[in-house]
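J.: Dropping a structure here in C-alpha cells format, bear with me for questions.
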Amino acid sequence: MTQDDRIEVPDSGSGVPVSGPTESYDVHAVQEKWLPVWDAIDPFRARDDSSAPRRYILDMFPYPSGDLHMGHAEAFAIGDVVARYAFARGYDVLHPIGWDSFGLPAENAAIKRDAHPADWTYANIETQAASFRRYAISFDWSRRLHTSDPEYYRWTQWLFLRLYERGLAYRKASAVNWCPVDQTVLANEQVVAGACERCGATVTKKNLTQWYFRITEYAQRLLDDMVALEGHWPDRVLTMQRNWVGRSTGAYVDFVVEPTGAGGVELDSRTVSVFTTRPDTLFGATFFVVAADSPLAAELCAPASRDALQSYREQVARLSDIDRMSTEREKTGVFLGRWVRNPVNDEAIPVWAADYVLSEYGTGAIMAVPAHDQRDMDFARTFSLPARVVVDTGGPDPEQTGNATTGDGVHVNSGLLDGTDKATGIARITEWLVENGHGRAATTYRLRDWLVSRQRFWGAPIPIVHCPGCGEVPVPDEDLPVRLPDLRGTDLAPRGVSPLAAASEWVSVACPRCGRNAQRDTDTMDTFVDSSWYYLRYCSPHDDQQPFDPAAVRRWMPVAQYVGGVEHAILHLLYSRFITKVLHDLGRIDFTEPFAALLNQGQVINEGRSMSKSLGNGVDLGRQIEIYGVDAVRLTMVFAGPPEDDIDWADVSPAGSLKFLTRAWRVATEVTSEPGTDPAGGDPGLRTATHRTIRDVTLAVESARFNVAVARLMELVTAARRAIDTGNGAHDPAVREAAEAVAVMLSLVAPYTAEEMWSRLGRPAPVARSGWPTLDPSLLAEETVTAVVQVAGRVRDRLQVPATISEQELRGRALASPAIIRALDGREVGRVVVRAPRVVNVVPA
RNA sequence: GCCCCCGUAGCCCAACGCAGAGGCAGACCCCUUAAAAGGGUCCCAGUGUGGGUUCGAGUCCCACCGGGGGCACCA
C-alpha cells in the first residue's frame, strides 16, 4: 500500500472513540460505508506481474438461475476465506468470477415469457453480480466472463474443432432419451425417475445420430493421474471418479458360432467374443447371452426365432431405464435357436438374448456361468438352464441354493485348471487362450464416450457444416464464432429437432470447402463443454486472438485451490480433467491436471432437510442479510463446522455471530493507544494469547479448519475484553496489538467488521491488503507448564514445572508428590513413563 | 448386496499422551426507571456397544448397533 493508494473515507472516527460506550454497532451503515471505498481501491485485482508468488483460487462458477441463495453464500464464503488468506500472505492472487450462462432454464423462461433467453440470463447475472459485490467476495471483477457471450463461445467452438481434428469428436447413432409427447430428445438431467421433467410422460429410447467426445480414449490416464490428487482432493470424489471410469481386467474369449441353427444351416461360420473378468470359470459356462438390443442379437438369431426376438425387443423398448435396471425384477429373455462352442471343451451351449446384458459394455455378449455369477444364476433358474460348479469355495452348493459363489477356491471340473486357485486359474487359462488363438487378456471400462450434442437453442452451436458433396466440414477458425440466430419465445418450443433447424436462413450456408449450398449442424453443445475449460480463460479473459494466452496460463495454472459442491464430483471434474489432458496432448499447455487441490463444501439445509419450495422450509439469503448483515451470515457459514459438513440453519445462530462481531468491534473502538505503539511493554499474558492465536489461526486456516480459526479469534476477543476491563485498561499497547491482529485475521471471514475495526484503530483501508500478523515465537514460550501425573493412566496430580524440565527432574518431582503417594496407596512403583514436560505415568508394580 | 465416512454435554462442534476450545440453548448477576442491547458468572459428557493392543485409547485393531454417502444386471 502506498500513500497514493489511500483514499478519503467518510468520517466515522479514527483511532479515538468520539462517542461514548453507548455507541452501538450498525452493521448496515458499515456495509454502506465501505462498499464504495472498496470499489475505488479495487484491492483484489490480480497483478499478474513477475515479482510475487502466485496463487489461483477458483470457486465453481454459478449458473444464473435467479439471485444468490444460501448454498452460494456458504460456498463463496468458504472460498473467500482461502482467497483472502492468500492475499493477506502477500501472494499475487487470481480469484475470478464468471457465469455458466448457457442452459435450458433460460430457454424455458423465454418460451414462457415470449422473450429471448439472453434477457432472462443477463438480468439474472446482473442480480447475482450485485449480490456478490454486497457479499464482499474478493473477486477480480475485471476478468468476469459469461459462457453465453460470443467472445467466449467462439473459443468453445474452437475447442470442439481441435477435438474434431484429432478424431476425438465424432458422430454416431445411438439410443438417446426421447419424450414421445414433447417430441424432443432429453438430456439425462431432464429425465426424472424415468419421466420427462416437463410433461411427465414416460421417456423412451430413440436411435439418433449424435456428437460424442472420445473420453474413453483417456480412461486409463484419468485413473492414473489421480495418484497426484491423492491427499489434495477429497477421497470420496476420487472414489466416485474411479467408480465412474470403472476399470475391470479379464479376458476376451472367442466362441465359435454353429452355422446350424434351429432350422438348418443358414450362417457362415464365425466367432463371437465375450468379455469376462472370470475366464477361469470358462468350464462352467452353460449358456450364452447377447444384449437383446444389439445388432449381434439379430445376426445370431435363427430364422425360426425372429418373431420371438422382435416381440421381445419391443417389450424391452417400452421399459424405462428405471424399471430395466431394477435388480428386483425377474430376468427376461428369449432363446435365439442358435448354439456356440466353448473353446475349452468344445461344448455347444445355447444362445439367448436378454436385456440384462448391455450392448454398450464389453462386446455386448457374455458367457453365462450360473454357479459363479448371481445374474446368470437368476436367469438360469427362470429358464431352467443348467449350472455347473467349477470352483469349490467350500460354501454351500450353488446348484442347490441358487446362490452363486464368487469367492476364491479350488477349481474342479476344469481340465487344465483343476486344483488351482482363482488367481492362478485366471493366469493359466488366459495363457492357454492366447496360445491356442481363442482369446486374450483385456481391460475394459464402464466409462462411455461423452454425448455432447443437444437439440437445444441456448448453447454453443456445433461449428460443423454438412455439405452434400464434402460431408462434414469444420467451420474455419477465422469464421468463428458461429453465432446463434435471433430466436425467441415460441420459436424455441421443442418440436423434435433443435430450434436452430427452423432458422432456415441461418442453417443455409455455403460449404467452406467447395462453396456449394450446405447446411449448418443444428445442435448445440452440452453446457458441460463450456465449463470444461473456463478456468483457462480466466488467465487471459480478454484475448481475442486465442482461447487463452499460453504464457498467462503457465503463470497461473494449475488452480491451487478449487472450491465447489460435491454434486460436480463426477461430471464437471471429469470433463475438465479430460479436456486438460487433450490440450496438453495438443501442446497447448504443459500440465495434465487442472485442479491441484479441491475443497467440497457441504449443503445448507434447514431442520434436517434440504430446502425446497414444496417443504416450505427455504431460508432467504437476502432476508438473513437484512437482519444480521453480510458479515454475520458469512461468519455463521464458516463457523458452523468443518467446511465439508452440511450446515443445518436451524442448528446455528447468525444472531450469535453478530454478537461476537459486535464484541470484536467494540474492543477496537475502545483502544486508546496510538497506531504504531510498541507493544513490548504491554500485558505479557495478553501478548502471549495474541501470538498463540496467530499461530493457531494460521495453522487452522491452512488446514481448512476454518471453524476452529473462528473459535480461536473468539477467545482472543474475550481475552482482550478482559484486559480492558480488569487488566491495564484500553491504553495497554497489548490491547491494540490484539485488536489489530483480530481485525486482520477476522477480515477473511467478516470483511466489513474487520475494515471498520482497522479504521477505528487508525489504520488505512484496505485491511485485506495489510498483510498477515507476524508471529513472535519468543512470546509463545511458556516458562512453566502444567505436567500431568497419572497413576495407572488416571490423572492424580498436576504440577507446575519449568518448560525445560529434564526427564529425571520431572520423574523425581512426580514421585515425591503427596497426591501420587496417596494414590499409590502403598503399592510398589513399577514402571515410570516420563514424557517431559507434559506427562508422567506411574505404573504400580 | 458391495465400498467409504461418521457416532464426544439438551443441540452444533473442538481435542499434541491432561476429554471441553468456541458457539447455541438454559440459570443467575451487573448495567438500565424498564425492556432491548451490552458486560459477567455458572450448570452440563468420560467419548454408540462389546472385546483387543498399550504404561496409557475419543484417537490404533476386530465385531456389532445407529446415522450419512457412493456404486449397483458393467459380465
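The values are calculated or read from the model by the stated rules, or taken from the named source; none is laboratory data. Source: prediction; values computed, not measured. Neighbour counts are summed over all protein chains in view; Cβ atoms, including those assigned to glycine, are modelled from backbone coordinates with ideal geometry. With ligands, DNA and RNA removed, areas are computed over all heavy atoms of the protein, side chains included. Shrake-Rupley method; radii C 1.70, N 1.55, O 1.52, S 1.80 Å.
J.: Jot down the radius of gyration and Dmax of region A:411-498, Cα atoms only, both in angstrom.
T.: Taking only Cα atoms of region A:411-498, I get Rg and Dmax of 26.9, 73 Å.
J.: Projecting each Cα onto the charge dipole of region A:598-663 (Lys/Arg +1, Asp/Glu -1 at the beta carbon, about the Cα centre), which of A:Gly602, A:Ile627, A:Val652 comes out farthest on the positive side?
T.: Final value for the positive-end residue is A:Ile627.
J.: Could I ask something else about it? Relative to the present Cα-Cα distance, how much length would full extension add between A:Ser612 and A:Ala781 at 0.36 nm per residue of separation? Numbers along the way, then the final one.
T.: On the way: separation 169, 0.36 × 169 = 60.84 nm, distance 5.21 nm.
Gain on stretching A:Ser612 to A:Ala781: 55.6 nm.
J.: Right, next: On C-alpha positions alone, give me the angle between the axis of helix A:654-670 and the longest principal axis of chain A, in degrees, nearest 10.
T.: Computed tilt is about 30 degrees.
J.: Related question: May I have the pair-distance distribution P(r) for chain A, computed from all Cα-Cα distances with 10 Å bins from 0 and rounded to whole percent?
T.: Per 10 Å bin, starting at zero, the Cα-Cα P(r) for chain A comes out as 2, 10, 16, 17, 16, 14, 11, 7, 4, 1, 0 percent.
J.: Something else about it: Once the Cα atoms of helix A:751-760 and of chain A are each reduced to a long axis, what angle between those two axes, in degrees from 0 to 90 to the nearest 10, is obtained?
T.: 20 degrees
J.: Between A:Leu815 and A:Glu626, what FRET efficiency follows from the Cβ-Cβ distance if R0 is 56 Å, with the result rounded to 0.05?
T.: Plugging the Cβ-Cβ distance into 1/(1 + (r/R0)^6) gives 0.30.
J.: Right, something else. Can you list residues from other chains, or at least 5 along the same chain, whose modelled amide H is less than 5 Å from the amide H of A:Arg143?
T.: Here the answer is A:Ile97, since their amide H atoms fall under 5 Å of that of A:Arg143.
J.: Additional query: Would region A:108-177 count as rounded, prolate or oblate if I go by the C-alpha gyration tensor, calling it rounded below 1.5 in a/c and otherwise prolate when a/b exceeds b/c, oblate otherwise? Please report the intermediate quantities before stating the final value.
T.: Values: a/c = 2.86, a/b = 1.53, b/c = 1.88.
Cα axes put region A:108-177 in the oblate bin.
J.: Using the Cα centre of chain A as the reference point, and only Cβ charges (+1 on K/R, -1 on D/E), how large is the resulting charge dipole? Debye, rounded to the nearest 20.
T.: Roughly 780 debye, rounded to the nearest 20.
J.: Which of A:Asn728, A:Gln800, A:Ala700 sits farthest toward the positive end of the charge dipole of region A:695-807, with +1 on the Cβ of Lys and Arg and -1 on the Cβ of Asp and Glu?
T.: In region A:695-807, that residue is A:Ala700.
J.: Using DSSP to define loop residues, name the trypsin sites (Lys or Arg not before Pro) in region A:129-166 whose beta-carbon has at most 12 other beta-carbon atoms within 10 Å.
T.: Answer by residue number: there is no such site.
J.: Right, here's the next one. Under 5 Å between amide hydrogens, which residues at least 5 positions from A:Arg520 or on another chain qualify, with H placed 1.01 Å from N in the peptide plane?
T.: HN-HN under 5 Å from A:Arg520: A:His466, A:Ser508, A:Val509.
J.: Mean residue ellipticity at 222 nm from the helices of chain A, using -39,500 (n - 2.57) per DSSP H segment of n ≥ 4 over the full residue count, to the nearest 500 deg cm²/dmol?
T.: On the way: 27 runs with 295 residues, N = 845.
So the calculated ellipticity at 222 nm is -10500 deg cm²/dmol.
J.: Which far-off residues, 5 or more places away or on another chain, put their amide H under 5 Å from the one on A:Arg388, with H placed in the peptide plane?
T.: Amide H to amide H, under 5 Å and 5 or more residues apart or across chains, A:Arg388 pairs with A:Ala371.
J.: Rounded to the nearest 20 debye, what is the charge dipole size of region A:758-805 about its Cα centre when +1 sits on each Lys and Arg Cβ and -1 on each Asp and Glu Cβ? Each step should come with its number before you reach the end.
T.: On the way: 6 positive and 4 negative charges, 60 e Å.
With only Lys, Arg, Asp and Glu charged at Cβ, the dipole is about 280 debye.
J.: Follow-up. Bin width 10 Å, alpha-carbon pairs only: give the P(r) of region A:535-653 as whole percents, running from 0 to the bin holding the largest distance.
T.: 12, 31, 24, 21, 12, 0
J.: Measure nothing fancy, just the Cα-based angle from helix A:70-88's long axis to the longest principal axis of chain A, in degrees from 0 to 90, nearest 10.
T.: In chain A, helix A:70-88 runs at an angle near 60 degrees to the longest axis.
J.: Spelling out what I want: for every residue of region A:202-213, take phi, set θ = phi - 60°, compute 6.51 cos²θ - 1.76 cosθ + 1.60 (Karplus), and round to whole Hz; glycine and proline get x.
T.: Ordered by residue, 3J(HN,Hα) equals 5, 7, 10, 9, 9, 7, 9, 8, 9, 8, 10, 9 Hz.
J.: Right, something else. Can you compute the modelled spin-label distance between A:Leu358 and A:Arg448, with each label point 7 Å from Cα toward Cβ, in nm?
T.: 0.7 nm
J.: Identify, among A:Leu433, A:Ala292, A:Phe457, the residue whose Cα sits farthest towards the positive end of the charge dipole of chain A, taking +1 on the Cβ of Lys and Arg and -1 on the Cβ of Asp and Glu, with the dipole about the Cα centre.
T.: Of the listed residues, the answer is A:Leu433.
J.: With a 1.4 Å probe and every protein chain kept in, tell me what percent of the accessible surface of chain A is carbon plus sulfur. The partial results should precede the final answer.
T.: Numbers: 17610 of 36210 Å².
With neighbouring chains kept in place, the figure for chain A is 49 percent.
J.: Counting other C-beta atoms within 10 Å, and keeping those with at most 10, which DSSP coil trypsin sites (Lys or Arg not before Pro) do you find in region A:566-624? Mind showing how you got there, number by number?
T.: Numbers: sites: A:Arg577, A:Lys581, A:Arg588, A:Arg609, A:Lys613, A:Arg623; in loops: A:Arg588, A:Lys613.
Of the trypsin sites (Lys or Arg not before Pro), the ones in loops of region A:566-624 whose Cβ has at most 10 other Cβ atoms within 10 Å are A:Lys613.
J.: Please identify which residues in region A:434-452 have an amide N closer than 15 Å to a label point set 7 Å out from the Cα of A:Asn243, following the Cα→Cβ vector.
T.: A:446-447
J.: Oh, and also: Using a 7 Å offset from the Cα along the Cα-to-Cβ direction at both A:Ala201 and A:Thr672, what is the distance between the two label points in nm, to one decimal?
T.: 8.0 nm
J.: Right, something else. For A:Ser24 and A:His542, FRET efficiency with R0 = 45 Å and r from the beta-carbon atoms, rounded to 0.05?
T.: 0.50
J.: Find how much the distance from A:Ala792 to A:Glu151 grows on full extension, using 0.36 nm per residue of separation minus their present alpha carbon separation; answer in nm with one decimal.
T.: Roughly 223.5 nm would be gained on extension.
J.: Output ³J(HN,Hα) for region A:118-132: one whole-Hz value per residue in order, computed from phi by the Karplus curve 6.51 cos²θ - 1.76 cosθ + 1.60 with θ = phi - 60°, and x for Gly and Pro.
T.: These are the phi-based 3J(HN,Hα) values: 5, 4, 5, 4, 6, 5, 5, 4, 5, 4, 5, 4, 5, 5, 4 Hz.
J.: Assuming 0.36 nm per residue, please report the length gained on full extension of the stretch A:Thr271 to A:Ala52 beyond their Cα-Cα distance. Provide the component values of the computation, followed by the final result.
T.: On the way: separation 219, 0.36 × 219 = 78.84 nm, distance 6.47 nm.
In short, 72.4 nm is gained.
J.: Taking region A:338-400, which trypsin sites (Lys or Arg not before Pro) meet the DSSP loop condition and have no more than 16 other C-beta atoms within 10 Å?
T.: Loop-located and lightly packed - none at all.
J.: Apply 1/(1 + (r/R0)^6) to the Cβ-Cβ distance of A:Ala423 and A:Ser703, taking R0 = 45 Å, and write down the FRET efficiency to the nearest 0.05.
T.: Numbers: r = 41 Å, r/R0 = 0.92.
FRET efficiency, A:Ala423 to A:Ser703: 0.65.
J.: Now for a different question. So what is the accessible area of region A:526-682 per residue, in Å², with the probe set to 1.4 Å?
T.: Accessible area per residue: 38 Å².
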